[in-house]
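Okay, structure first, notes after.
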Amino acid sequence: MWGKVGVVVGYFAALIGIGVFARRRARRGVEDYFVASRSLPPLVLFFTMAATNFSAFTVFGFSGAGWRIGYAFYPIMAFGTGFMALSFHFIGRPVWRLGKRRGLLTPPELVFDRFGSPTLRLLFFGVMTAFTLPYLAMQPMAAGYALEGLLGIPYLAGAALVTVVMLGYTFFGGMRGVAWTDVFQGGMLIVLLIVALWVIAAPFGGIAAANRDVAAGLPELFSRPGAGGALMPGIWFGYMLLWLLCDPMFPQLFQRFYSARSERALATTMSLYPLITGFLFLLPVTIGVIGRLAFPELPAGAASDRVFPLLLSLYAPPVLEALILTAALAALMSTLDSQLLTLSSMCTRDLVEPLLGRKPPPRVGKIFVVALALIGLGIAWRPPATFLAIATEAFTGLAVLFPTVLAGLYWGRATAKGAIASIIVGEGLVAAYHFKLLPAFGTLPVVPVVVAASLALVIVSFLTKPHPHARGLADGGRAGGRVWRWAAVFTLLFALGNDFWNWNDSRIGPGGFPWWVWYFLGLCAILSAVFRRFAPSRERDRASPS
C-alpha cells in the first residue's frame with residue numbers, strides 16, 4: 001500500500017513542481033495567465049491540445065465502451081477525432097489572427113468582436129459554460145473511481161483530492177503551467193497505457209492470443225456495427241459529424257488557438273493529430289475488449305467505465321498498478337485544469353468585466369476557478385450516466401455553436417440576430433431530444449439539430465440587418481484559389497471513414513485485430529500526410545494573387 005501511496009504522492013508533487021517552474025517564467029497580466037502570452041511552440045501546442053482533449057473519457061470511457069460494444073468503437077473515435085483536426089486550420093488560424101490583432105482571450109469575445117451584440121455574447125457564454133460543466137464533472141468522477149480502486153479512498157474524497165492538486169498547479173502557472181504539465185502528462189499517458197495493455201494481455205498469452213480467445217467466444221465484439229448493433233450506419237455517421245462540429249467548440253481547445261506562437265504551430269498540431277488518435281485510442285479499447293476474458297459479467301454495482309481499474313487490480317503488481325493509474329489521472333487532470341482555466345477566463349472577461357465596465361483584478365479569475373471546480377465536484381457526487389452518455393449529450397449542446405462561429409469567420413452577411421436564433425433553435429431541439437420528444441431519424445440528434453440551427457441562422461440573417469458595430473472577417477475568411485480541390489479531397493477522406501462496404505466483415509488480421517482496424521490505422525496515417533501537404537499549399541494560396 002505504501003508503495004502505491006508513494007507513486008501517487010510523487011506524481012502530484014511533480015505536477016506542483018512544474019507549476020512552480022512555470023510561475024517563475026510567467027509574465028504579469030491576464031494574457032500570460034490565460035493564453036501564455038500567445039507563445040506556445042509547435043510541439044508544446046500539440047501536446048497540450050492532445051492532452052486537453054484526451055480526458056477521463058479516453059481512458060475509462062473508451063475501455064468501458066470496448067467492453068460493452070467492442071472494436072467498432074475504435075474507428076469512430078480514432079478517425080473521427082483525427083479528421084476533426086482539420087478545424088485547427090479553418091477555425092484555428094483565423095481565430096489566432098483575430099486574437100493576436102484585437103487582443104481576444106475567450107471564445108465569446110470573438111463572437112462579440114465579430115457581431116457586436118452583448119446579448120449574443122452572453123448567450124454564447126451561457127451555452128458554452130452549461131454544456132462544458134457536465135463534461136468537466138467526468139474528470140473528478142474518473143479520479144474518484146481510480147483512487148477508490150487503487151488506495152481504497154472513498155469515491156468523493158478521491159475526486160476532491162485530485163481537484164485540489166490540480167487547482168494548486170493551475171494557480172501557480174496559469175496556461176503556461178497547464179501547457180507544460182500537459183506535455184508531462186501526455187507522455188505518461190502514452191507510455192503507461194502501452195504498459196497497461198501488455199500487463200493485462202500477458203496472462204492470456206499476449207494481445208493476439210487474447211484477441212482470438214475473445215473473438216471465439218464473443219464474435220460480436222469484433223463485428224460491425226458492434227455488440228447489440230450499437231453503431232449502425234446512421235449512428236456511425238452521426239458520431240463522425242459530432243466530433244468535427246463539437247470538438248473545436250470545447251472552450252479549452254478553442255482558447256488554445258489564441259495560445260499558439262504562430263500559424264506553423266497550429267499546422268504542426270493538425271498534421272500530428274491523426275497519428276496520435278490512430279495509435280493511442282486503440283489501446284484503451286483493446287483493454288476493454290480483452291477485459292471480457294476476465295469479466296464476462298461485471299461485479300454487482302460496477303459500471304463498465306470501471307473495467308480498467310478492475311483489470312489492473314487483478315493483473316498488475318501494486319506499484320505498477322499505481323503507476324498505470326497515474327496515467328489515467330494524467331488524462332483527466334490535463335482536461336480538468338484546462339476546462340477550469342478557460343471557463344474562469346470567460347467568467348472574468350465575458351461576465352464580470354462587462355458588468356463592472358472595467359477589467360477586474362486577476363484574483364477574480366482564480367476565484368472562479370475554485371467555484372467552477374466545486375460545481376464539477378457537485379455534479380460528480382451523483383453521476384447521472386455513463387461517460388459516453390454524458391459526453392454525447394454535452395457535445396451536442398456545444399455543436400450548436402458551430403454554425404455561429406463558422407458564419408462569423410466566413411460569411412459577411414451573417415447577423416447577430418441570426419446567430420441568436422440559431423443558438424436558441426438548436427438548444428431548444430437539444431432539450432427536446434433530451435426529453436425524447438423528437439425522433440432521431442436513425443442517426444444522432446446532432447445531425448438534425450445542427451441542420452436546423454444552420455437554417456435558422458441563414459434565414460434570420462437574410463431577414464435582418466448587421467449590427468452597426470460588427471467587425472469585419474478575419475483574413476482566413478477569404479478562400480484560396482484551390483479551396484474546392486482540397487474540399488473534394490477531404491470529402492473523399494470523410495467518405496472513406498464511413499466505410500459501409502466493410503460492414504459485417506469480421507475477418508481477423510495481424511495481432512488478432514479485425515482487418516478493418518488496420519484499415520483505419522492506415523487511413524489515419526494517410527490523413528496525417530494529407531494535412532501536412534495541405535497547410536503549406538494554403539500558405540502559397542494566400543501569398544499568390546487571387
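One-quarter of the Cα convex hull surface for the chain, in nm²? Mind showing how you got there, number by number?
Numbers: hull surface 94.6 nm².
Averaged projected hull area, Cα only: 23.7 nm².
Compare the peptides 182-192, 67-77, 231-241 by average per-residue count of other Cβ atoms within 10 angstrom and give them in order, highest first. Intermediate values should be presented prior to the final figure.
Values: 182-192: 21.3, 67-77: 26.9, 231-241: 19.4.
Averaged packing, sorted descending, gives the order 67-77, 182-192, 231-241.
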> lysines near Lys100 by alpha-carbon distance under 22 Å, same-chain residues fewer than 8 away left out - which ones?
Replying inline: Lys359
>> Which one, Leu193, Gly278, Gly234, projects farthest toward the positive side of the charge dipole computed for the chain from Cβ point charges (K/R +1, D/E -1)?
In response: Gly278
>> Rounded to two decimal places and with Rh computed the Kirkwood way over Cα pairs, what is Rg over Rh for the stretch 109-236?
In response: 1.11
> Sorted from largest down, what three extents in whole angstroms do the Cα atoms of the stretch 272-428 have along their principal axes?
Replying inline: 58, 37, 35
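By how many nm would the segment from Val319 to Val191 lengthen if fully extended, with 0.36 nm per residue of separation less the alpha-carbon distance?
Details: separation 128, 0.36 × 128 = 46.08 nm, distance 1.56 nm.
Between Val319 and Val191, full extension yields 44.5 nm more.
Once every DSSP H run of n ≥ 4 in the chain is given -39500 (n - 2.57) and the sum is divided by its residues, what mean residue ellipticity at 222 nm do you get, rounded to the nearest 500 deg cm²/dmol?
Values: 25 runs with 395 residues, N = 546.
The per-residue figure over the chain is -24000 deg cm²/dmol.
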> Between Ala487 and Arg97, what length in nm is gained on full extension when 0.36 nm per residue of separation is reduced by their alpha carbon distance?
Replying inline: 138.2 nm
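How do 143-149, 334-340 rank on mean C-beta neighbours within 10 Å, highest first?
334-340, 143-149
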> Taking a quarter of the surface of the convex hull around the Cα atoms of the stretch 141-212, what do you get in nm²?
Replying inline: 6.2
> Can you list the aspartates and glutamates whose alpha carbon is less than 18 Å from that of Lys465, not counting same-chain residues fewer than 8 positions off?
Replying inline: Asp113
> Helix by helix, which DSSP H runs in the chain go 24 Å or more along their axis at the Cα atoms and have an average Kyte-Doolittle hydropathy of 1.6 or more?
Replying inline: 155-201, 363-381, 446-463
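Readers should treat all values here as calculations from the given coordinates under stated rules, not as data from a laboratory. Small disclaimer: the values here were computed from a predicted structure and weren't measured. Note: ideal-geometry Cβ built from the backbone for every residue, glycine included; neighbour counts use all protein chains shown.
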